[in-house]
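Chemist: If you scroll down you'll find the structure; I have some questions about it.
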Amino acid sequence: MNATSSDAAAPAGPAASGRIVLLTTSHRVAPGLLSWPAWQALRGADQVLCADGAHPQLPYLREAGIAVDETSPGAQELVDACAGGRTVVVVATGEGEPRLTDGLARLAGSGRVHMPELELLPASYDLPGARLLDLVQVMDRIRVECPWSSRQTHEGLAKYGIEEAYELVEAIEEGDRDELREELGDVLLQVVFHSRIAEEGRPEDGAEPFSIDDVAAGIVTKLIHRHPHVFGDETATTPEEVKEHWLRTKAEEKRRTSVTEGIPLGQPGLALAAKLASRARTAGLEVELPRGEGVGYELLAVAARAEAEGVDPEAALRAAARAYRDAIRAREGSPALDG
C-alpha cells in the first residue's frame with residue numbers, strides 16, 4: 001500500500017472532523033439582535049440548519065444574506081455533515097434541541113466516532129429583569145382568557161393588595177427566605193395585574209390608559225430625581241443626608257401645604273400615629289399630643305414615643321402578639337389543672 005492510500009485509510013483527525021455550533025437565542029430579546037460572535041459563526045459556517053421553519057430569527061438571518069436549511073438532522077447525520085473540517089451551525093429551537101444533543105452525547109460516549117468540535121454559543125441572552133417580560137406576557141393572556149381575571153377591577157383587587165402586603169411583612173418577620181421570595185412574587189403580581197387593567201382605560205370615567213412600562217418609567221424618574229447624590233452633583237455620605245435629600249426633593253415634587261398630606265388615614269392605627277409623629281418631628285414641629293380619656297390617647301402616646309426611639313410600633317406589637325400566641329398554644333397543650 002502506497003503512502004497516499006495509507007493516508008486515506010488513516011482515521012480522520014480532530015481538524016478533519018469539523019465543528020458543530022449550537023446557536024441559542026432568547027425569546028426575551030428582539031429577533032435579529034445577535035452577538036458579534038454569533039454573526040461571525042453564522043457568516044463563517046459551511047451550512048446553517050434550523051428545524052423550525054417559523055423560528056423568529058430566520059427572516060433576519062436571510063435578510064442578512066445567511067442561507068438557512070430548514071431541516072432536522074439526526075446526530076450521526078450532523079456528524080457526517082461536518083466531515084472534511086466543515087462547520088455546521090444549528091439554530092436551536094425554543095426547546096434547545098434535546099434530541100440532537102442527547103444523540104451527540106451518546107455518539108461521543110461510544111468512543112467509536114471521531115466527534116466534531118462541539119460549541120454552545122449564546123447568540124442572545126437574558127439581561128437582569130428579563131423574566132419580568134414573561135410575567136407581563138402571562139398576565140396579558142390571563143386577562144383575556146381567564147373568566148375570573150378578565151372581570152377584575154382595581155376596586156375588586158384592592159383587598160388582595162392589602163393581604164399580600166401583610167403576608168410579605170409576615171414572611172420578613174419570620175425570616176423565611178422561601179416564603180419571602182413567594183410573597184414578593186404575589187406583591188409583584190398585584191402591580192402587574194393593576195397595570196394590565198389600567199391599559200384598558202375607563203372611557204366612561206375619562207381615564208387615560210397606562211401600562212406597566214408607564215408605571216416603571218414613573219418610578220425610575222422619581223428614583224433618579226430623589227437621589228441627586230447618585231445621579232447628580234450633590235453628595236451624601238450618611239443615611240441622614242440621604243433622607244434629607246429625599247424629603248427635600250419630595251417636598252418640591254408634591255408642593256404640599258401640610259406635612260400630613262399624603263399620609264393614608266386608612267392604615268393601621270399605630271402605624272398612622274407613628275407616621276404623623278415622624279412627619280412632625282422631621283419638620284421640626286413641636287406639637288403637644290392631644291389629651292383625652294380612653295385607650296386611644298394612651299396608644300397615641302405610646303406610638304409617638306416608639307417612633308421617637310426609632311421603634312416601629314406595629315412591628316413591636318406584632319412581635320409581642322406572636323409571643324402571646326405562642327403562650328396561648330403552650331397553655332392549650334398543657335395538662336389540665338386540677339380543680
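The values are calculated or read from the model by the stated rules, or taken from the named source; none is laboratory data. Keep in mind that this is a model prediction, so the values were computed, not measured. Cβ placement follows ideal geometry from the backbone for every residue including glycine, while neighbour counts extend to all protein chains displayed. Ligands, DNA and RNA are stripped out before the accessible areas are found, and what is left, the full protein with its side chains, is counted by its heavy atoms. Shrake-Rupley method; radii C 1.70, N 1.55, O 1.52, S 1.80 Å.
Chemist: What tally of residues in segment 246-270 results from selecting those that are under 13 Å from T282 (Cβ atoms), part of a helix (DSSP H, G or I) and in contact with a helix residue (DSSP H, G or I) (Cβ under 7 Å, 6 or more places away or on another chain)?
Modeler: Final tally of qualifying residues: 1.
Chemist: Quick one: in segment 162-218, of everything that is free of Cβ contacts under 8 Å to residues at least 12 places away in the same chain and in contact with a Pro (Cβ under 9 Å, 6 or more places away or on another chain), which residue is most open to solvent (accessible area, probe 1.4 Å)?
Modeler: E200
Chemist: Considering only segment 21-40, how many residues are within 13 Å of S124 (Cβ to Cβ), aliphatic (A, V, I, L, M) and surrounded by 19 or more Cβ atoms within 10 Å (Cβ to Cβ)? Outline the logic, then answer.
Modeler: First pass over segment 21-40, keeping only residues within 13 Å of S124 (Cβ to Cβ): 23-39.
With the extra rule that they be aliphatic (A, V, I, L, M), the set shrinks to 23, 29-30, 33-34, 38.
Next, only the ones that are surrounded by 19 or more Cβ atoms within 10 Å (Cβ to Cβ) stay: 23, 34, 38.
Of the residues in segment 21-40, 3 are within 13 Å of S124 (Cβ to Cβ), aliphatic (A, V, I, L, M) and surrounded by 19 or more Cβ atoms within 10 Å (Cβ to Cβ).
Chemist: Out of the residues in segment 280-299 meeting the condition of being aliphatic (A, V, I, L, M) and surrounded by fewer than 10 Cβ atoms within 10 Å (Cβ to Cβ), tell me which one is farthest from R248 (Cα to Cα).
Modeler: That would be V295.
Chemist: Determine whether L317 is open to solvent by less than 90 Å² (accessible area, probe 1.4 Å) and in contact with a Leu (Cβ under 8 Å, 6 or more places away or on another chain). Steps first, please.
Modeler: Numbers: open to solvent by less than 90 Å² (accessible area, probe 1.4 Å): no; in contact with a Leu (Cβ under 8 Å, 6 or more places away or on another chain): yes.
Here the answer is no, as L317 does not meet what is asked.
Chemist: I need a count of the residues in segment 74-93 that are farther than 13 Å from E117 by Cα and open to solvent by 20 Å² or more (accessible area, probe 1.4 Å).
Modeler: 3
Chemist: Please find, within segment 108-154, the residue that is most open to solvent (accessible area, probe 1.4 Å) out of those that are within 29 Å of L33 (Cα to Cα) and among the acidic types (D, E).
Modeler: E117
Chemist: Can you give me the number of residues within segment 97-107 that are surrounded by fewer than 16 Cβ atoms within 10 Å (Cβ to Cβ) and closer than 21 Å to I66 by Cα?
Modeler: Of the residues in that region, 0 qualify.
Chemist: If you take the residues in segment 42-58 that are surrounded by 13 or more Cβ atoms within 10 Å (Cβ to Cβ) and not aliphatic (A, V, I, L, M), which one is farthest from L118 (Cα to Cα)? Quick ask: steps written out before the conclusion?
Modeler: Taking segment 42-58 first, the residues surrounded by 13 or more Cβ atoms within 10 Å (Cβ to Cβ) are 42, 45-52, 55-58.
Okay, now just the ones that are also not aliphatic (A, V, I, L, M), so 46-47, 50, 52, 55-57.
Working: D46: 15, Q47: 15, C50: 17, D52: 21, H55: 22, P56: 24, Q57: 22 Å.
Step by step, filter segment 42-58, then rank; the result is P56.
Chemist: May I ask you to say which residue of E244, E309, E288 is more than 24 Å from I172 (Cβ to Cβ) and more than 31 Å from the chain's Cα centre (by Cα)?
Modeler: Only one candidate passes the filter, namely E288.
Chemist: Contact list please: Cβ distance under 8 Å, first residue in segment 219-237 and touching a residue at least 24 places away in the same chain (Cβ under 8 Å), second residue among the basic types (K, R), pairs at least six apart or on different chains.
Modeler: From segment 219-237, the pairs are R226/K250.
Chemist: Another question, then. Only one of (1) more than 29 Å from A165 (Cβ to Cβ); (2) open to solvent by 80 Å² or more (accessible area, probe 1.4 Å) is not met by G333, so which one is it?
Modeler: Single failed check for G333: (2).
Chemist: Sticking with this structure for a sec: For V302, indicate whether it is surrounded by 15 or more Cβ atoms within 10 Å (Cβ to Cβ) and at pLDDT below 85. I'd like the intermediate steps shown before the answer.
Modeler: Details: surrounded by 15 or more Cβ atoms within 10 Å (Cβ to Cβ): yes; at pLDDT below 85: no.
For V302, the condition - surrounded by 15 or more Cβ atoms within 10 Å (Cβ to Cβ) and at pLDDT below 85 - is not met.
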